[in-house]
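For reference, the structure is listed below as structure tokens.
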Amino acid sequence: MNDSVIKEPATPLSAEKSKAKTNVITEENNDAYTTVGQAFSEKAKMSMRDVDVFYGEKQAIYDVNLDIGTNEVVAMIGPSGCGKSTFLRCLNRMNDTIDTCKVTGKFLLEDQDINDKKMDVVPLRARVGMVFQKPNPFPKSIYDNVAYGARIHGLADRKSDLDDIVETSLQKAGLWNEVKDRLQQPGTSLSGGQQQRLCIARTIAVSPEVILMDEPCSALDPIATARIEELIDELSQNYTIAIVTHSMQQAARVSHRTAYFHLGKLIEVNETEKVFTNPDHDLTEAYITGRFG
Ligand code: ADP
């Protein structure tokens, strides 16, 4: 592993920071706190350190340190507006598209700094793909939706190679049997749940290493949601997944570790079962027991 991979928080905890372990965020310690639990991984696929994010003058993320382990599913939960999506979007530089947004800190994909000037965001976003809240198929056929990225990235020289990529991606997304006889129909002709699986197939088609999911089931009915949740479990055999969800049940069902955000701060990260049965932090407990959120 490259020397630049930091295994511990870059800044040792100062006395003032440790004071914030008191489980209460007050005006005095608002900027001086530390995350409790297991934020780091022995097999980190992505390592984030000292992350601050601002929209103009307003700070949305405060000093977040987190690893996402290889083939791990990490769920990000917390009240609306606590910064989950903002943090997720940093992981493939989607925030670059927002003019007022300023991101600082270190983001490593294995040993590569994703904010390095030499890092081209197009291949980065193939390596770290994203699935959005609302299924957003292109106004193209089912086949062309999946083939799109493979064509752009020059992954297939021959039509038969492209056919293979489309079929394999649709199979991995659990959609092949439902669409194999109608590949030339528009992607938008599918149901909401099928469209979301089509978007997952489109993401998979460019061989990502990490898949980011931003509330991928919030527009879906319970049956389509259950299908996507099964799929997340299958995909974690081959991919590293970070998922933002407002559903604690979903986080409990699909993730290995859960990260609890509150007011832009990463309060606690632990094994998912622990977070939901015996959390380390009072704020996590207050959230999972429904005292706020
Ligand atoms: P969550 O995903 O937890 O609901 P967000 O990351 O969407 O939270 O938002 C975190 C904070 O950043 C909120 O205060 C929100 O209003 C603000 N924010 C999010 N996106 C933008 C934006 N494009 N411009 C300005 N402020 C934003």
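Exactly one residue out of GLU178, GLU167, GLU110 is in contact with an Asp or Glu (Cβ under 9 Å, 6 or more places away or on another chain) and among the charged types (D, E, K, R): that is GLU110.
Here is a check on your reading of the model: is TYR260 closer than 22 Å to LEU91 by Cα, among the aromatic types (Phe, Trp, Tyr) and either out of contact with any strand residue (DSSP E or B) (no Cβ under 7 Å at 6 or more places or on another chain) or not in a loop (DSSP other than H, G, I, E, B) (or both)? Before you say what the answer is, go through the steps one by one.
Values: closer than 22 Å to LEU91 by Cα: yes; among the aromatic types (Phe, Trp, Tyr): yes; either out of contact with any strand residue (DSSP E or B) (no Cβ under 7 Å at 6 or more places or on another chain) or not in a loop (DSSP other than H, G, I, E, B) (or both): yes.
In short, yes.
Among the residues of segment 213-245, count how many are surrounded by fewer than 16 Cβ atoms within 10 Å (Cβ to Cβ) and either under 22 Å from THR277 (Cβ atoms) or in contact with a strand residue (DSSP E or B) (Cβ under 9 Å, 6 or more places away or on another chain) (or both). Total meeting the criteria: 1. From (1) within 23 Å of THR272 (Cα to Cα); (2) within 15 Å of the ligand (Cβ to nearest atom); (3) outside any strand (DSSP E or B), pick out the condition that doesn't hold for MET76. Among (1) within 23 Å of THR272 (Cα to Cα); (2) within 15 Å of the ligand (Cβ to nearest atom); (3) outside any strand (DSSP E or B), MET76 violates only (3). Within segment 175-188, residues that are assigned to a loop (DSSP other than H, G, I, E, B) sit with their Cβ atoms under 7 Å from residues that are among the aliphatic types (A, V, I, L, M), at 6+ positions apart or across chains, in these pairs: LEU175/LEU198; LEU175/ALA201; ARG182/ILE142; LEU183/ILE142; GLN185/ILE142. Looking at segment 222-230, is at least one residue closer than 26 Å to LEU124 by Cβ and among the polar types (S, T, N, Q)? For segment 222-230, residues closer than 26 Å to LEU124 by Cβ and among the polar types (S, T, N, Q): absent.
Do we have LEU283 as within 16 Å of the ligand (Cβ to nearest atom) and surrounded by fewer than 19 Cβ atoms within 10 Å (Cβ to Cβ) here? Break it down stepwise before answering.
Working: within 16 Å of the ligand (Cβ to nearest atom): yes; surrounded by fewer than 19 Cβ atoms within 10 Å (Cβ to Cβ): no.
Considered against the rule, which asks whether it is within 16 Å of the ligand (Cβ to nearest atom) and surrounded by fewer than 19 Cβ atoms within 10 Å (Cβ to Cβ), LEU283 comes out as no.
Within segment 64-112, the residues that satisfy the criterion of being among the polar types (S, T, N, Q) and in contact with a strand residue (DSSP E or B) (Cβ under 8 Å, 6 or more places away or on another chain) are ASN65, THR70, ASN71, SER85, THR86, ASN92, ASN95, THR100, THR104. For GLY290, the conditions (1) part of a strand (DSSP E or B); (2) without any contact (Cβ under 8 Å) to a residue 24 or more places away in the chain all hold with the exception of (1).
Answer with yes or no whether GLU268 is within 16 Å of the ligand (Cβ to nearest atom) and of a type in the set (Asp, Glu). Taking the combined requirement at face value, the residue satisfies it. Counting only residues that are more than 16 Å from the ligand (Cβ to nearest atom), out of contact with any Gly (no Cβ under 9 Å at 6 or more places or on another chain) and not small (Gly, Ala, Ser), segment 229-252 holds 8 of them. Residues in segment 46-79 that are under 16 Å from the mean Cα position of the chain (by Cα) and of a type in the set (Gly, Ala, Ser): SER47, GLY69, ALA75, GLY78.
Within segment 90-130, how many residues are assigned to a strand (DSSP E or B), in contact (Cβ under 8 Å) with a residue 40 or more places away in the chain and either more than 25 Å from PRO216 (Cβ to Cβ) or away from the ligand (no atom under 15 Å from the Cβ) (or both)? Residues that pass the stated criteria total 10. Every condition in (1) under 19 Å from VAL254 (Cβ atoms); (2) outside any loop (DSSP other than H, G, I, E, B) holds for LEU162 except the one numbered (1). Each residue in segment 275-287 was checked for being among the charged types (D, E, K, R) and touching a residue at least 60 places away in the same chain (Cβ under 8 Å), and 2 pass. I'm trying to understand the selection: among the residues of segment 205-236, which are under 15 Å from the mean Cα position of the chain (by Cα) and within 20 Å of ARG93 (Cβ to Cβ)? Within segment 205-236, PRO208, GLU209, VAL210, ILE211, LEU212, MET213, ASP214, GLU215, PRO216 meet the criteria.
Here, each number is a calculation from the coordinates, and none is a lab measurement. The shown structure was predicted, so the numbers you read here are calculated from the model rather than taken from an experiment. Cβ sites come from the backbone with ideal geometry, for glycine too, and all protein chains shown count toward neighbours.
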